[in-house]
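The values are calculated or read from the model by the stated rules, or taken from the named source; none is laboratory data. Worth saying up front: this structure is predicted, and the values here are computed from it rather than measured. Methodologically, a virtual Cβ is constructed for each residue, glycine included, from the backbone with ideal geometry; neighbour enumeration extends over all protein chains shown.
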Amino acid sequence: MFFILSKILYYVALPVVWLVVLLLFALFTKRGRYRRLAVRLAAIVVLFFTNPFIINEAFLLWELPPKRLTEIPVSDAGILLTGITSLEKSPHDRVYIERGADRVLHTLWLYKTKKIKKIIISGGTGSIKTIYTTEAAELKKILLLAGVPATDILLEDKSQNTRENALFTSRLLQQRPDIHSLILITSAFHMRRAEGCFKEAGVNAISFPADFYSKDRSFFPNSLIIPSAEAFANWHLLIHELLGFITYTILGYC
């Protein structure tokens, strides 16, 4: 039930939904005063949420900062959180990686530079539909193609959300007394919630943020005033994550 409700909440929180509701209200209301108010609010929504400088500042505030590789100690394993592959695209003879590929690329970087000895991939389908495979299984294919031995890859492929990532990975680790030190790898915008969930589940790991949506601060016109469709889309992601973090905190998940 929580999984389904979280999906519904995601759509309610989208600024594009707010924009459509305001425009529909302006179109069908018979009261001129309310129509003008709805149009003004719609204009504010567009101007605010398409501004690239504002969304970049928001991500700079929310994302955990990157860590230099020299700061990362050699650890027994890295925990790679999924959420970056599409399981609903045919043909199913390849892996479709979406935005967030840095999660797996930076995990490989840590492995190849011998910062981590094993890779734990955590993630089921993340979908309400019945899917033919799991994200963990898909990312394992990428790691195998990259030369990581199968013996160095562990799968947790039952979880459907961040809390389950933490709980099910904790259970897996209880069966692996040889793994003591851990690195947690996920997107920078998602790291606060992931970090909290893993601590709550009793898994102590060093955070390694990847997949940054923020950029170095810029004051050029294209960053300050020119509207951006990407900025509008990125607000969807950030608002969803903020709501997820607040919900998890209230429920005691992180």
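Counting only strands (runs of 3 or more DSSP E) that sit completely within the stretch 132-241, those holding 2 or more residues that are touching a Gly at 6+ places or on another chain (Cβ under 7 Å) correspond to 182-187.
Among residues of the stretch 158-176 that are within 15 Å of Ala137 (Cβ to Cβ), those with a beta-carbon under 6 Å from a residue that is in a helix (DSSP H, G or I) at least six positions away or on a different chain give the pairs Lys158/Phe168; Ser159/Asn165; Ser159/Phe168; Gln160/Phe3. Looking across the stretch 64-93, the residues that are modelled with pLDDT under 95, of a type in the set (Val, Ile, Thr) and within 21 Å of the chain's Cα centre (by Cα) come down to Ile84, Thr85. For the stretch 217-244, residues that are over 25 Å from Leu64 (Cβ atoms), surrounded by 12 or more Cβ atoms within 10 Å (Cβ to Cβ) and modelled with pLDDT of 90 or more total 2. Evaluating Thr107 against the criteria (1) within 23 Å of Glu71 (Cα to Cα); (2) surrounded by fewer than 21 Cβ atoms within 10 Å (Cβ to Cβ) leaves one unmet condition, (2). Selection over the stretch 56-115 of residues that are in a helix (DSSP H, G or I) and within 14 Å of Glu135 (Cβ to Cβ) gives a count of 3. Inspection of the stretch 23-36 finds no residue satisfying the criterion of being of a type in the set (D, E, K, R), within 26 Å of Ile179 (Cα to Cα) and assigned to a helix (DSSP H, G or I).
Looking at Ile250, is it without any contact (Cβ under 8 Å) to a residue 24 or more places away in the chain, more than 21 Å from Gly123 (Cβ to Cβ), surrounded by fewer than 19 Cβ atoms within 10 Å (Cβ to Cβ) and among the hydrophobic types (A, V, I, L, M, F, W, C)? It is true that Ile250 is without any contact (Cβ under 8 Å) to a residue 24 or more places away in the chain, more than 21 Å from Gly123 (Cβ to Cβ), surrounded by fewer than 19 Cβ atoms within 10 Å (Cβ to Cβ) and among the hydrophobic types (A, V, I, L, M, F, W, C).
Residues in the stretch 88-107 that are closer than 18 Å to Asn165 by Cα and touching a residue at least 40 places away in the same chain (Cβ under 8 Å): Gly100, Arg103, Thr107.
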